[in-house]
Amino acid sequence: MATSDFTTTLMVDKTPKEVYDAINDVRGWWSENIEGSTDKLDDEYVYNYKDVHYCRIKLVEMIPERKVVWQVLSNYFKFTEDKSEWNGTKVIFDISQQEGKTAIKFTHEGLVPQYECYEICREAWTNYIQESLRDLINSGKGHPNTKEDDSFDAQLIEKWNLA
């Protein structure tokens, strides 16, 4: 059965362990401005990008060298009418070996074309996975949002009940 969830796949010449470790180095490829731990089962963290996007995420599944799943517990987008479009969605990284390479199948389960944020999120995730995560895996240096790009605002997070 076809799904409309956003998915992209990346192939790299690295081991599943190297890929798994890079995925869990969220500050190395997504954003340096993350509050909380991002590498153990049941860890929760808050991501924010300026006053535009905040979300609280929990690591709900981790199978070393095979899978990482994040659950979006709460979310806020400044630019959408429905500020909570990601609430309850899952971000899934499936890792497998194919033809001597390691494949990362990234799926944002619940991020669908009907969402107002879909196009902007599709473009952002594509960049983060196909460029930043790829470069972190291959060279040890990704292209995350920097702390200078993001201003972590605890008052706004509290205002939108994301803490």
Can you pull out every residue in the stretch 19-59 that is among the hydroxyl-bearing types (Ser, Thr, Tyr) and in contact (Cβ under 8 Å) with a residue 24 or more places away in the chain? Tyr20, Ser31, Tyr49, Tyr54
Could you grab the pairs with beta carbons closer than 8 Å, sequence gap of 6+ or different chains, first residue in the stretch 105-124 and within 14 Å of Val91 (Cβ to Cβ) and acidic (Asp, Glu), second one outside any helix (DSSP H, G or I) and modelled with pLDDT of 95 or more? Glu109/Asp5; Glu109/Thr89; Glu109/Lys90; Glu109/Val91; Glu109/Ile92
Identify, please: which residue in the stretch 73-94 is among the hydrophobic types (A, V, I, L, M, F, W, C) and farther than 19 Å from Thr8 by Cα and is, among those, surrounded by the most Cβ atoms within 10 Å (Cβ to Cβ)? Phe77
Within the stretch 124-139, identify whether any single residue is of a type in the set (Asp, Glu), touching a His at 6+ places or on another chain (Cβ under 8 Å) and either farther than 16 Å from Arg27 by Cβ or at pLDDT 90 or above (or both), and answer yes or no. yes
I'd like the residue in the stretch 55-88 that is in contact with a Lys or Arg (Cβ under 6 Å, 6 or more places away or on another chain) and aromatic (Phe, Trp, Tyr) and, out of all such residues, is nearest to Tyr45 (Cα to Cα). Tyr76
Quick check: anything in the stretch 35-51 among the hydroxyl-bearing types (Ser, Thr, Tyr) and touching a Gly at 6+ places or on another chain (Cβ under 7 Å)? yes
Would you please name the residue that is nearest to Tyr54 (Cα to Cα), looking only at residues in the stretch 9-34 that are aromatic (Phe, Trp, Tyr) and touching a Gly at 6+ places or on another chain (Cβ under 9 Å)? Trp30
Name the single residue that is surrounded by the fewest Cβ atoms within 10 Å (Cβ to Cβ) among those in the stretch 1-46 being among the β-branched types (Val, Ile, Thr) and farther than 11 Å from Ile57 by Cβ. Thr3
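The values are calculated or read from the model by the stated rules, or taken from the named source; none is laboratory data. Just so it is clear, the model here is predicted, and its values are computed rather than measured. A quick note on method: Cβ atoms are made from the backbone with ideal geometry, for glycine too, and the neighbour counts reach across all protein chains shown.
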